[in-house]
Amino acid sequence: MSPARPCKGLRAAVAASVGLSEGPAGSARSGRLLRPPSPARAAPGCRLLRLPGNGAARSASPERAGWTEALRAAVAELRAGAVVAVPTDTLYGLACSASCSAALGAVYRIKGRREAKPLAVCLGRVADVYRYCHVRVPEGLLKDLLPGPVTLVMERSEELNKDLNPFTPLVGIRIPDHAFMQDLAQMFGGPLALTSANLSSQASSLNVKEFQDLWPQLSLVVDGGPIGDGQSPECRLGSTVVDLSVPGKFGIIRPGCALENTTAVLQQKYGLLPSHGSCF
């Protein structure tokens, strides 16, 4: 098992390594107030950084500088054990290092989430899935569904932090179809814990203002603009969660926003049989 990354007392060192400076002592969250590429105001104690474009597609020059600044700032905060808000292909999410036990605890506190509810793991590439899971489905199936608005639940490997979802041998894997999130996961270089950016039992968020009450508890908010059209309830369903832990079968744990396409791939292309959802 890989040891958890140190995540306390590193903010100054990590910030310095990417050219960021520490904020005044005693502030709600130490760290400089990032100046976004386009004007934006953040709540006291929170850094708000707006992506060029919407973040779903990689920015080209001359906007690349703003994209790179957001990536470096987010990676610095994640490596320091902080919790950041990020856009994905389905909803806004809260992310932290899955290897930092203190950060995992902070996510649960911020959301008011029961500790028996698992956090998903966000990765940057399909190849990374094999490091953190025992995969029992064809590689083609993974590549057909990832990146995409799905969470694939499989048996976890010993590489994951034992404090991440310690109550289950399974883990849900996300690779969002979102350029910023893929770049962030790859630049971070390890698994990210990911969950929706809202208080538990409340509606999911499609823009940063919808979870503004959480900003003071976050280190950084990356604003990728509105997600989806925001008009229909289906926009807030989140990813489709599928249990692939049993060879030859699949279970729908949460229908989510991509149920029809996901089940078609699993049944028609790969011949998997439906079963009851797992206990994940």
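The values are calculated or read from the model by the stated rules, or taken from the named source; none is laboratory data. This one's a predicted model, so the numbers in the text were calculated from it and none came from an experiment. Don't worry about glycine lacking a Cβ; one is built from the backbone with ideal geometry, like all the others, and counts go over all protein chains shown. The area values use the complete protein model at the heavy-atom level, side chains included, leaving out ligands, DNA and RNA. Shrake-Rupley method; radii C 1.70, N 1.55, O 1.52, S 1.80 Å.
Odds and ends about this structure:
- Scanning the stretch 119-166 for residues that are hydroxyl-bearing (S, T, Y) and open to solvent by 70 Å² or more (accessible area, probe 1.4 Å) gives a single hit, Y130.
- Among (1) surrounded by fewer than 16 Cβ atoms within 10 Å (Cβ to Cβ); (2) free of Cβ contacts under 8 Å to residues at least 60 places away in the same chain; (3) over 20 Å from S99 (Cβ atoms) - the single one P169 does not satisfy: (3)
- Qualifying residue in the stretch 180-200 (condition: within 20 Å of W67 (Cβ to Cβ), in contact with a helix residue (DSSP H, G or I) (Cβ under 6 Å, 6 or more places away or on another chain) and open to solvent by 30 Å² or more (accessible area, probe 1.4 Å)): yes
- Against the test of being touching a residue at least 40 places away in the same chain (Cβ under 8 Å), more than 17 Å from F180 (Cβ to Cβ) and crowded, with 19+ Cβ neighbours inside 10 Å, the options A116, A102, A98 yield a single qualifying residue, A98.
- Residue under evaluation G93, criteria (1) surrounded by fewer than 21 Cβ atoms within 10 Å (Cβ to Cβ); (2) out of contact with any Gly (no Cβ under 8 Å at 6 or more places or on another chain), criterion not met: (1)
- Scanning the stretch 72-82 for residues that are under 14 Å from the mean Cα position of the chain (by Cα) and not in a helix (DSSP H, G or I) turns up just one, A82.
- Residue within the stretch 51-59 that is part of a loop (DSSP other than H, G, I, E, B), at pLDDT 75 or above and either closer than 20 Å to V107 by Cα or not aliphatic (A, V, I, L, M) (or both) present: yes
- The set of residues from the stretch 233-280 being small (G, A, S) and more than 23 Å from the chain's Cα centre (by Cα) comprises G248, A264, G271, S275.
- Residue-level analysis places E69 outside the set of residues that are modelled with pLDDT under 95, in contact with a helix residue (DSSP H, G or I) (Cβ under 8 Å, 6 or more places away or on another chain) and not in a strand (DSSP E or B).
- Strands (runs of 3 or more DSSP E) within the stretch 220-280 that include 2 or more residues in contact (Cβ under 8 Å) with a residue 24 or more places away in the chain, farther than 24 Å from S201 by Cβ and open to solvent by 70 Å² or more (accessible area, probe 1.4 Å): 273-275
- D213 meets all of the listed conditions (1) open to solvent by 70 Å² or more (accessible area, probe 1.4 Å); (2) closer than 15 Å to G93 by Cβ but one, namely (2).
Residues are listed down the side, and each one gets a yes or a no for (1) modelled with pLDDT of 85 or more; (2) surrounded by fewer than 12 Cβ atoms within 10 Å (Cβ to Cβ); (3) touching a strand residue (DSSP E or B) at 6+ places or on another chain (Cβ under 8 Å); (4) among the polar types (S, T, N, Q):
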{"site": "E22", "(1), (2), (3), (4)": "no, no, no, no"}
{"site": "P44", "(1), (2), (3), (4)": "no, yes, no, no"}
{"site": "E63", "(1), (2), (3), (4)": "no, no, no, no"}
{"site": "R79", "(1), (2), (3), (4)": "yes, no, yes, no"}
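- The stretch 178-222: number of residues that are of a type in the set (D, E, K, R) and at positive phi: 0
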